[in-house]
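The values are calculated or read from the model by the stated rules, or taken from the named source; none is laboratory data. Treat the numbers as computed from the prediction; the structure is a model and nothing was measured. Ideal geometry is used to build each Cβ from the backbone, glycine not excepted, and the neighbour counts take in all protein chains shown.
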Amino acid sequence: MSAPDANNDVAISVRNITQRFGEAGSPDEVLALDDVSLDIKRGEFVCLLGPSGCGKSTILNIVGGLFKPTQGTATVAGRLVEGAPHPDQIAFVFQESTLLPWYTVIENFRIALKFRGMNKAEWDDRAMAALRAVGMASFARHYPDQLSVGMRQRVNMARGLCVETPILLMDEPFAALDEQTRMVLGEDLSQLLAARQKTIVFVTHSLAEAVFLSDRIFVMTARPGKIKTIIDVNESHPRSPDFMLEPRFSELRNECYALLRDEIRRTVAAQRDPQPAGT
Amino acid sequence: MSVAANTAHVRPLTHGQRVFRWRLAFLAAVVLLLELYGWYGADPTAWVPVSKIMHSLYKDVLSDSKIVTALGWCVMQITVAYVLSIIFGVLIGLAAGSTNFNRRTLFPIILILYVIPQVSFLPLLVLSFGLGSAAKIAFGFSHAVFPIIINVVSGMRSVRELHLNAARSMGASRFDTIRHVILPHMVPSLFNGLRLGMTLNLLGVILAELYVSTSGVGYYTKLFAEDFNPGPLFALIGSLAFIAIVFNELVRIAEHRLTPGKHKQTAIKTKKAEQP
Ligand SMILES: Nc1ncnc2c1ncn2[C@@H]1O[C@H](COP(=O)(O)OP(=O)(O)OP(=O)(O)O)[C@@H](O)[C@H]1O
Ligand SMILES: [Mg+2]
């Protein structure tokens, strides 16, 4: 079975994905994604930007192979996903920390590397290198609940990086971090991208982060999620903080904001109006 | 110099030490009251001073090799019943909890079996298993196995979807997932079941022991009770209580040692660390 798009430059291809949750026809049925298509090139940094609940995590989950969409297909590196993860291609950094509380930080890394079938001799080297990159090396022997929320998220992200897959799916990895740490880690990520040619799909609610990191920003509509606009950011990686001072940066940021504002207004308005079906 | 040595000894007690001392003091007070009651208030056919019970423990119970053997059998029955309960409880629990379908089919049945007062079946059990150890083991087993099953099932059920998804996305095999995600998650719940199981197991075995009074510990309790001889009677009951306490403690220690993330810290081996 050949993939619909066998182009070698395309890392991720999503074709006409529709996702419904809940029993069909019941009042709980939610149309999360409505006919979404997108292509992400190899080595590209893409941000998904959109109001809360518009289906960003759902797109990542489908691409990551956690479940099959109601309709449509996702292709990763030329292979159809069909609800089965491709751990050799994709590393997932979830929105919530998925560190196992019964293992220390280092043990969490070890099992992640073990699950992926890495050579045992490399486990600790890779783990410590990834932890050093996020400034958490001295907490290797701590248990996750001995860390602050932000520290846990840094570790969680480092665990995604340590397996060195060509594709990284990151669902708001910086959400619990302070602005400064976000910036520093963002710069690191940009450097990583330049050095390793990784493909990264990144979900964020921060406009500055989206503009600073992305090659392209996919702005989504409120639920049911669709791709509303794609914004190109023509700036090579690695990016320096100076980029944020350029007028181009604030223009792009404002453009994103204007696009999102309408959508967010719509979501809020929909929530305020009482639904007649409820009573 | 002696003053310095003295002050070095007067250290404030830690919270734990204070709790421990008060606990000892409370127990001592209870023992003292029972002792005084035995000397001055009690009917000597129903209660004797604690000191006399201790004397009987030495003279009538521990020095009588037949009673010691009977207590030994009791320990054996508790152990065998418990080991069987763990094996069957965990296996049945894993089977019943492994899929939603199994759980919804089997779990209600298990819950109903659990709440049936089993004492009413004791005579029946003795009829089919005889007067020996088998009936006592069976009774201990039938008490202990249910809480273990129930806690294994509920432990499996509460595994977080997020952790399962993460493991899956990392390419964990079914076995990896069970070994690193499901089992460690279940351990606290499993030990809840094991603790409860031990309590009920002791109840079952000792109940059956006392009921079957033609041999074993039950025979001796009946003998002493019919002789209106509270000294050895309470000494024997005290020995059973001691056995029960030891078994419960063993489970507690095992829980402390085996719960993941509580005790072990492993060394980190990196190439950098090896080169100074
Ligand atoms: N497992 C599920 N069962 C039912 N509905 C779901 C499920 N997962 C997501 N949804 C629904 O799908 C919609 C999109 O969810 P999703 O998590 O993708 O949003 P999101 O864009 O990631 O939002 P946020 O920015 O708040 O994380 C939501 O309305 C949510 O209620
Ligand atoms: Mg989300």
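Please work out which residue is nearest to ligand 1 (Cβ to nearest atom), limiting yourself to segment A:37-71 and to residues that are within 14 Å of A:ILE12 (Cβ to Cβ) and among the small types (Gly, Ala, Ser).
Here the residue is A:GLY64.
Conditions tested, residue by residue: (1) in contact (Cβ under 8 Å) with a residue 12 or more places away in the chain; (2) of a type in the set (Asp, Glu); (3) surrounded by fewer than 20 Cβ atoms within 10 Å (Cβ to Cβ).
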residue	(1), (2), (3)
A:LEU60	yes, no, no
A:VAL63	yes, no, no
A:LYS68	yes, no, yes
A:GLU96	no, yes, yes
A:ARG110	yes, no, no
A:ASN119	no, no, yes
A:GLU122	no, yes, yes
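Pairs under 8 Å by beta carbon, first residue within 19 Å of B:GLY193 (Cβ to Cβ) in segment B:110-139, partner hydroxyl-bearing (Ser, Thr, Tyr), six or more apart or different chains?
B:GLN118/B:SER142
Report every pair of residues separated by at least 6 positions or lying on different chains whose Cβ atoms are under 8 Å apart, first residue within segment B:165-190 and under 14 Å from B:LEU94 (Cβ atoms) and more than 7 Å from chain A (Cβ to nearest Cβ), second in a loop (DSSP other than H, G, I, E, B) and of a type in the set (A, V, I, L, M).
Cβ pairs passing all conditions: B:ILE182/B:VAL159; B:HIS185/B:VAL159; B:MET186/B:VAL159.
Can you confirm whether A:ARG182 is more than 16 Å from ligand 2 (Cβ to nearest atom), away from chain B (no Cβ under 14 Å), more than 16 Å from A:LEU260 (Cβ to Cβ) and in a helix (DSSP H, G or I)?
yes
Of the residues A:ALA84, A:ALA112, A:ALA32, A:ALA77, which single one is touching a Gly at 6+ places or on another chain (Cβ under 7 Å) and away from ligand 1 (no atom under 16 Å from the Cβ)?
So the residue among A:ALA84, A:ALA112, A:ALA32, A:ALA77 that is touching a Gly at 6+ places or on another chain (Cβ under 7 Å) and away from ligand 1 (no atom under 16 Å from the Cβ) is A:ALA84.
Test of understanding: among A:ALA222, A:ALA269, which residue is buried (at least 21 other Cβ atoms within 10 Å of the Cβ) and not hydroxyl-bearing (Ser, Thr, Tyr)?
A:ALA222
Take the residues in segment A:124-140 that are in contact (Cβ under 8 Å) with a residue 12 or more places away in the chain and not aliphatic (A, V, I, L, M), then tell me which one is surrounded by the fewest Cβ atoms within 10 Å (Cβ to Cβ).
Ranking the qualifying residues of segment A:124-140, first place goes to A:GLY135.
Answer yes if at least one residue in segment B:87-108 is surrounded by 14 or more Cβ atoms within 10 Å (Cβ to Cβ) and within 30 Å of B:TYR219 (Cβ to Cβ), and no otherwise.
Yes; the residues of segment B:87-108 include at least one that is surrounded by 14 or more Cβ atoms within 10 Å (Cβ to Cβ) and within 30 Å of B:TYR219 (Cβ to Cβ).
Which ones in segment A:35-58 are more than 16 Å from ligand 2 (Cβ to nearest atom) and surrounded by fewer than 19 Cβ atoms within 10 Å (Cβ to Cβ)?
Answer for segment A:35-58, where residues must be more than 16 Å from ligand 2 (Cβ to nearest atom) and surrounded by fewer than 19 Cβ atoms within 10 Å (Cβ to Cβ): A:ASP35, A:SER37, A:ASP39, A:LYS41, A:ARG42, A:GLY43.
Identify the residue in segment A:200-226 that is in a strand (DSSP E or B) and away from ligand 1 (no atom under 13 Å from the Cβ) and, among all such residues, is farthest from A:ASP34 (Cα to Cα).
Top of the filtered list is A:ILE200.
What are the residues in segment A:88-106 that are within 7 Å of chain B (Cβ to nearest Cβ) and assigned to a helix (DSSP H, G or I), if any?
Of everything in segment A:88-106, just one residue is within 7 Å of chain B (Cβ to nearest Cβ) and assigned to a helix (DSSP H, G or I), namely A:ILE106.
Can A:THR204 be described as closer than 26 Å to A:PRO247 by Cα, in contact with an Asp or Glu (Cβ under 8 Å, 6 or more places away or on another chain) and in contact (Cβ under 8 Å) with a residue 12 or more places away in the chain?
It is true that A:THR204 is closer than 26 Å to A:PRO247 by Cα, in contact with an Asp or Glu (Cβ under 8 Å, 6 or more places away or on another chain) and in contact (Cβ under 8 Å) with a residue 12 or more places away in the chain.
Conditions tested, residue by residue: (1) among the basic types (Lys, Arg); (2) modelled with pLDDT of 90 or more.
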site	(1), (2)
B:LEU240	no, no
B:ILE245	no, yes
B:GLU249	no, yes
B:GLU255	no, no
B:THR259	no, no
B:HIS263	no, no
B:THR266	no, no
B:LYS269	yes, no
B:GLN275	no, no
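Quick one: how many residues across segment A:49-72 are within 19 Å of A:THR165 (Cβ to Cβ) and either assigned to a strand (DSSP E or B) or of a type in the set (Val, Ile, Thr) (or both)?
Final tally of qualifying residues: 3.
Quick check: anything in segment A:2-16 within 16 Å of ligand 1 (Cβ to nearest atom) and surrounded by fewer than 16 Cβ atoms within 10 Å (Cβ to Cβ)?
no
Might you let me know whether segment A:78-85 holds any residue that is under 20 Å from the mean Cα position of the chain (by Cα), within 16 Å of ligand 2 (Cβ to nearest atom) and in a loop (DSSP other than H, G, I, E, B)?
Scanning segment A:78-85 turns up no residue that is under 20 Å from the mean Cα position of the chain (by Cα), within 16 Å of ligand 2 (Cβ to nearest atom) and in a loop (DSSP other than H, G, I, E, B).
With the checklist (1) in contact (Cβ under 8 Å) with a residue 24 or more places away in the chain; (2) among the charged types (D, E, K, R); (3) surrounded by fewer than 21 Cβ atoms within 10 Å (Cβ to Cβ); (4) within 14 Å of chain B (Cβ to nearest Cβ) in hand, flag the one item A:ASP171 doesn't pass.
(3)
Which of the residues belonging to segment A:141-168 are among the hydrophobic types (A, V, I, L, M, F, W, C), within 12 Å of another protein chain (Cβ to nearest Cβ) and under 21 Å from A:PRO101 (Cβ atoms)?
Listed by number, the residues that qualify are A:CYS162, A:VAL163.
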